[in-house]
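Chemist: Quick one: the structure is below, questions incoming.
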Amino acid sequence: MILCGSPHPFFDRKTSIVSKYISELDDCEKLFIPMHDECPGHWYLCVIDFKNSHIQILDSLRSKNRDKFRFQSVKTVVEFCQTFFKLYDIGKDVFQFSIDWAPSIPT
């Protein structure tokens, strides 16, 4: 059975909220995404720089034991972002961006 008509009000509200922020994403130069590594309970940051076609990982406590996991987590989030951009017709292609770690800064 197929029902016609307006979807549930929740979906209308959700769509309008998403549309509000999505429209601003086209003008965005950088996207900052907090990332969490549950193992040591540590936060790091993924910065997608659309202007310079680059993705940088900022991590104040890099760990050789966790670098591979964190790098892969960033790649997974970037893949999700690309899917999201295509879904909402945003003209951003992050698959070709290089990903690297920000240089360490002495504390």
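Chemist: Hey, among Val78, Val94, which residue is without any contact (Cβ under 8 Å) to a residue 40 or more places away in the chain and either surrounded by 14 or more Cβ atoms within 10 Å (Cβ to Cβ) or closer than 12 Å to Leu45 by Cα (or both)? Explain how you work it out, then say what you get.
Modeler: On the way: Val94 fails: without any contact (Cβ under 8 Å) to a residue 40 or more places away in the chain.
Exactly one residue qualifies, and that residue is Val78.
Chemist: Give me a count of the residues in the stretch 33-62 that are hydrophobic (A, V, I, L, M, F, W, C) and more than 15 Å from Lys92 (Cα to Cα). I'd like the intermediate steps shown before the answer.
Modeler: Here is the first cut: in the stretch 33-62, the residues hydrophobic (A, V, I, L, M, F, W, C) are 33, 35, 39, 43, 45-48, 50, 55, 57-58, 61.
If we keep only those that are more than 15 Å from Lys92 (Cα to Cα) as well, we get 33, 35, 39, 43, 45-46, 57-58, 61.
Residues that pass the stated criteria total 9.
All of the numbers you see were taken from the coordinates with simple rules; none came from a lab. Everything numeric here is computed off the predicted structure, so don't read it as measured data. Glycine also receives a Cβ, built like all others from the backbone with ideal geometry; neighbour counts cover every protein chain displayed.
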